[in-house]
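The values are calculated or read from the model by the stated rules, or taken from the named source; none is laboratory data. Source: prediction; values computed, not measured. Heads up, the Cβs are rebuilt from the backbone with ideal geometry, glycines too, and the neighbour counts pull from every protein chain shown. Surface accessibility is based on the protein's heavy atoms, side chains included, excluding ligands, DNA and RNA. Shrake-Rupley method; radii C 1.70, N 1.55, O 1.52, S 1.80 Å.
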Amino acid sequence: MKATMPLLRISDMSLTIGATKILQDINLQLQHGEILAITGESGSGKSMAALSIMGLLPRGALTTGQIMLDGTEILTTSETNLCKLRGDTMSMVFQEPMTALNPVQNIGNQVAETILIHEHTSKKKAHKRATDMLRRVGLDVAPTRFPHELSGGQRQRVVIAMAIVKHPKLLIADEPTTALDVTTQANILILLKDLVREFDMGLLIITHDLAVVADLADHIVVMQKGRVVESASTPKLLANMLHPYTRALFDASRHQVDLPVYKGGLQLVYASQIVRNYPSPRKTIFGPRPKFCALDNISFTIDHGERVGLVGESGCGKSTLTRVLLGLEDVQGGTITLDGEPVFTGKKPNLTVRRKMQVVFQDPYSSFNPRHRVSRLISEPWNLLDHQPDDPDTRIATALENVGLSALDAFRYIHEFSGGQRQRIAIARALIVEPDLIIFDEAVSALDVSVRAQIIDLIVNLSQKRPLAYLFISHDLTVVRNVTDRVLVMKSGRIVEHGPTEDVFNTPKHPYTRTLLAAAPTLPNSQEA
Amino acid sequence: MIRYIASRLLSLTLSLIAASIVIFAVIEIIPGDPASFMLGVGVRPDTLEALRDQMGLNDPLAMRYFSWVTGMLTGDFGISWTYKIPVSELVDDRIWVSLPLAIYALFLSTIIAFPAGIIAASHRGGMGDVSIMGATQFGVAIPNFWFAMILVLIFAIKLPWFSAGGFPGWDDPLLALKSLTLPAIALALPQAAILARVMRSSLLDNLGEDYIRTARAKGLTHRQALWRHGVRNAMIPVLTIIGLQFSFLLAGGIIIEQIFFLPGLGRLIFQAISARDLIVVESVVMLLVFVVILVNFAVDLAYAAVDPRLRSCE
Amino acid sequence: MVIGATLTLVFLSLAALSFIYTPYNIQSFDIPNKLQRPNANNWLGTDHFGRDIMSMVMLGARTSIAVAVLAVGIGICAGIPLGLLAAARRGSLLDELIMRGNDLVFAFPSLVIAILITAIFSPSAINAIIAIGIFNVPVFARLSRGAALPIWERDFILAARVAGKSSLHISIEHILPNITNLMIVQGTIQFSLGILAEAALSYVGLGAQPPTASWGRMLADAQTLTSIAPHTALIPGMAIVFMVLGLNLLGDGLRDWLDPRTKVARS
């Protein structure tokens, strides 16, 4: 009775754009009230699969096969009729809430528009329903507000309200929480789950985050390079992974490393009561500028060879701390020293201090000048030395080989490398002056799980070769737990908790740390479980 | 919102002050003494000195600047050295040719460019797009004074539909408008080509935005998404260009007025320059700059009307 | 792109050719032979003094190109350093001053001021260059600042700062190479605007003075003759249109060709 007619059935669907094969022989089914997760790494074609269901593929896309949605064959439906289905029978929520809303229309209008497009009803009634729906998705702001006045999580709620205001039978969510903080992510996921049960909707969620998948979905589809490699109900799949790629993916997410034991060392960084304010816009025209306190009385130390983690959500002051620590910005109060010498020395940087620390950034695509060759890119920190090395080519070759690249890569341009390779180059650049401290600023956050595991291995490997102190800044609790000896938890410019990593994770003391740990989705520990 | 207007007003005032200083300074450093220019060669030194006194040329610089500015604020632009009548009267006659011409041209340019830009963007790559964009490439390349000459040749000489020049005054508004039509078209078409291109590219930029995709996912057709979510967002760069164009049209009008023998500010300024009638030059330039700055202020206000982000922050 | 480059090249070579060869000497009048329609002897006809229009167009191209190139040169040499400086010191008083100064120049109707300058300092090609050049300065300053600002936010700039580099060093080594494409494209656009401006100035008699040939002056001479000898007005006008058209097409083509997005896609 139940399985007679699935809500959505995709049979043998293939998709090509130009000469490129994007999807091949996709098969999947989704029942009413069920949550189906499609997962896979970037480039696996999971978003394209979602867009083909909506009929919103880019120009030049050619689809074959069949997509049956509630008795309608999507691929043969005319554009006019697809428009009637979109927003009404099927809806979609996208990844980036910051840009998904029209900045010049208020949120009430944007939600009401979905109703007005599909129904002949009065504007007043539509707005009433829009307001109710905004409240239902947990948004307690007036519908006359504009998107720029809302936070990322609030905007995502508006997008969801817009998608479900007509009670669609199918909701597609493409990485709906990837751009959000963990605590916000947890709330949005709970909301989606509730809505599915309440409206008996089918939810197709696309995400790279296996922890989210395992937590939320009834059924999991794993994709790799445009193909479905495995599809099973969640408990079954977790218990018994058939395809090696699925296993590799889950293993990478649970990746554990053997950090060499930290033996203790002399003090390297000493930061005491740092305060960093930024002026925010004036409230009145000639009034004083109110101050926004990015770092509020922060104190910590890092010893030689010690690996310290820093955890916090967006806007907590992590990036400011990086810049202040690197001596790129002055502070309004407190002192920071490295081996006893101040890191900030006004306009003229103190090279002796600077060459003791380097940094690796999050975004492998913006970390390099696209117009320089790798050799020039990684040797840039030599600017800090009093004398350029006599054997630059050998040193560059060694630096590249140390991070698992080839010496020949020195002559290539950065766009020839993948994201993971770029992060290796960034690490090579950081290591070339043999610093005592490296700051990893969300250095693995933008990478796919398997690549992330490799980079983490590389970091651990490097610290086995020689004692290297680092500050590992991340919002990803699992990774931080893995690669650090000690951890600092930061919230709104303050360090709310610190201590040895295992202690903080096992027995968090501060309520914020507890919230953070509870919100972070976790994979069931092992396959046997 | 009030803060935004206040800050714009402040910058309006500052721009005006800065502009007036620049104009005053430029006129000051010009070689040649207007008094001796007026009296011609072979004049007696004491006569010259008397005239210099009368014209206020012997006063200190700051005082001359100050009296010039306060004069303008009260509508007193001084007395033309060649015409011997108040500059305000000279200007008053002529601005009612130049300003309507610029507005007329802006109007024509906008009503041509908007549909053209929107059609081109919504049929991207299609026949309509290709032909509109081809036409605008030519439009951008045509010098307006040459275009004016061609228009005269065709519509006034070969086909006697319009008069080749002159202005009958505003007693008969229809006739006046008719005599401004050819000059306005000559001014407007090249500008319309630019505006259409900006409109198109701005719309296309917007069509690539995430919120257009969101709108499509809601069930809006391509056309609905374009009209409801594209056009208004695309207006910001378009408004900027419209503001800039107004100043182009006012200035371009100066040359076009020559071709059509229109008694506007353009003719006045040319006559004044050749007669070294600097007070007229100074006043007309200041007036033009004033209008342009005022238009930019209006554009800033229009931004705020279009974009709620400007209303709340800043 | 190809059409644009071809048109531009044609005019450039015409201008270059005029240094060593023109079909006729335009200094000598040939009144009996005046206002000839295009024919076998004078391919593009003659003007009211009987001068060969083909030769005049070639020499006019030289004037136009010289004036426009130098005016763009002024804009680039003064504008880009100002823009880079403003970007390097973004948010500072200096930045504010530079940008407000730009706004001020923008507020002046450019043609009016160009007319003013040339009229005051006596009309000549040099003054036309300066007058047009001044208005190119804020264009390049604003554009280079606007392009430099997002690059300053990129991580590789932070990396360079970590490597202890000064903002001057960073501007030259990291910012400038990344905005060159944009500047080249804008350069061709300003070049074409310069051609138009030069034509307008010499049309009202404020550009290059006789006997130097210029397209704008040819048009001014032709104005009263349009009904009897339309070709005297049509030909120089077409020359301007095609030169500007060529440059614009070239600029558009360069923009697509140099666009880093398409570049990444190709490699």
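So, in Å, what gap is there between the alpha-carbon centers of segment B:229-245 and segment C:89-131?
25
Report, in order of residue number, the helices in chain B meeting two criteria: a C-alpha extent of 24 Å or more along the helix axis, and a mean Kyte-Doolittle hydropathy of at least 1.6; treat each whole DSSP H run as one helix.
B:2-29, B:278-306
Whenever you get a sec, compute what percent of the accessible area on segment A:389-440 sits on carbon and sulfur atoms (1.4 Å probe).
The nonpolar share, carbon plus sulfur, comes to 47 percent.
What is the sum of charges around A:Leu170, taking Lys and Arg as +1, Asp and Glu as -1, for the other residues whose C-beta is under 12 Å from the C-beta of A:Leu170? Intermediate values should be presented prior to the final figure.
Values: positive: A:Arg9, A:Arg86, A:Lys166, A:Lys169; negative: A:Glu34, A:Asp70, A:Asp88, A:Asp200.
With Lys, Arg at +1 and Asp, Glu at -1, the net is 0.
At a temperature of 25 °C and a viscosity of 0.890 mPa s, determine how fast the protein assembly as shown diffuses translationally according to Stokes-Einstein, using the Kirkwood radius over alpha-carbon pairs as Rh; express D in µm²/s, rounded to the nearest whole number.
Answer from the Stokes-Einstein relation: 72 µm²/s.
Apply the Debye scattering formula to segment B:94-312, with a single equal point scatterer on each alpha-carbon and no solvent, then give log10 I(q)/I(0) at q = 0.08, 0.13, 0.18, 0.19 Å⁻¹.
The Debye formula, applied to the Cα set alone, gives -0.35, -0.83, -1.24, -1.32.
Under a 1.4 Å probe, what is the accessible area of the protein assembly as shown per residue, stated in Å²?
About 43 Å² of surface per residue is accessible.
Could you work out the mean projected area of the convex hull around the alpha carbons of segment A:8-253, in square nanometres to one decimal?
Approximately 13.2 nm², given one-decimal rounding.
Any chance you could give the angle, 0 to 90 degrees and rounded to 10, that helix A:182-199 forms with the longest Cα principal axis of chain A?
It is inclined by approximately 10 degrees.
Structure shown: which of A:Lys318/A:Lys347; A:Lys124/A:Lys193; A:Lys193/A:Lys318; A:Lys356/A:Lys491; A:Lys46/A:Lys491 lie over 26 Å apart, alpha-carbon to alpha-carbon?
Table pairs above 26 Å Cα-Cα are A:Lys124/A:Lys193; A:Lys193/A:Lys318; A:Lys356/A:Lys491; A:Lys46/A:Lys491.
May I ask for the distance between the Cα centers of segment A:126-157 and segment A:27-85, given as a whole number of Å?
28
Once you have the alpha carbon radius of gyration of chain A, what is it after dividing by 2.2 N^0.38 Å, with N set to its residue count?
For chain A, the normalised Cα radius of gyration comes out at 1.07.
How high is the FRET efficiency between A:Ile190 and A:Lys509 when r is their beta carbon distance and R₀ equals 35 Å, given to the nearest 0.05?
Step by step, r from the Cβ atoms, then E = 0.85.
Report the antiparallel proportion of the DSSP beta bridges in chain A as a percent, rounded to a multiple of 5.
Around 55 percent antiparallel, to the nearest 5.
Roughly how many nanometres apart are two label points built 7 Å out from the Cα toward the Cβ at B:Ile21 and A:Ala211?
Inter-label distance under the simple model: 5.9 nm.
Please tell me the relative contact order of segment A:8-253 in percent, rounded to the nearest whole number, where contacts are Cα pairs under 8 Å and at least six residues apart.
On the way: 446 pairs, mean separation 70.2, N = 246.
Result for segment A:8-253 is 29 percent.
Rounded to the nearest 100 Å², what's the accessible area chains B and A bury against each other, both chains counted, probe 1.4 Å?
Summing both chains' loss of accessible area gives about 2500 Å².
How many nm separate the modelled label positions at A:Ser406 and B:Ile111, each set 7 Å beyond the Cα in the direction of the Cβ?
Simple spin-label model gives 6.8 nm for this pair.
Suppose R0 equals 45 Å. What FRET efficiency, 1/(1 + (r/R0)^6) with r the Cβ-Cβ distance, do A:Glu198 and A:Lys21 give to the nearest 0.05?
With R0 = 45 Å, the Cβ-Cβ based efficiency is 0.70.
Which whole-angstrom value gives the distance between the alpha carbon centres of segment C:150-184 and segment A:166-192?
If you average the Cα positions of each part, the centres end up 38 Å apart.
Which positions within segment A:87-110 get 30 Å² or more of their accessible surface covered by the other protein chains, compared to the chain by itself, with a 1.4 angstrom probe?
A:Phe94, A:Thr99, A:Ala100, A:Asn102, A:Pro103, A:Val104, A:Gln105
Which of the residues in segment C:154-171 show a loss of at least 30 Å² in accessible area from their chain by itself to the complete set of protein chains, at a probe of 1.4 Å?
C:Arg154, C:Asp155, C:Phe156, C:Leu158, C:Ala159, C:Arg161, C:Val162, C:Ala163, C:Gly164, C:Lys165
Under 16 Å between alpha carbons, and skipping anything fewer than 8 positions from B:Lys178 in its own chain: which lysines qualify?
By straight Cα distance, B:Lys178 reaches no lysines at all.
Near A:Lys123, which aspartates and glutamates are there with a Cα under 18 Å away, not counting those fewer than 8 places off in the same chain?
By straight Cα distance, A:Lys123 reaches A:Asp88, A:Glu113, A:Asp132.
Run the quick spin-label model on C:Glu96 and B:Leu294: label points 7 Å from Cα toward the beta carbon, then report their separation in nm to one decimal.
If labels sit at C:Glu96 and B:Leu294, their model points lie 2.8 nm apart.
Cα to Cα, under 19 Å, and not fewer than 8 places away if on the same chain: which aspartates and glutamates meet these conditions relative to A:Lys263?
Qualifying aspartates and glutamates at Cα under 19 Å: A:Asp303, A:Glu306, A:Asp339, A:Asp436, A:Asp485, A:Glu502, A:Asp503.
So if R0 is 22 Å, what FRET efficiency would A:Asp12 and A:Thr77 give, r being the distance between their Cβ atoms, rounded to the nearest 0.05?
0.75
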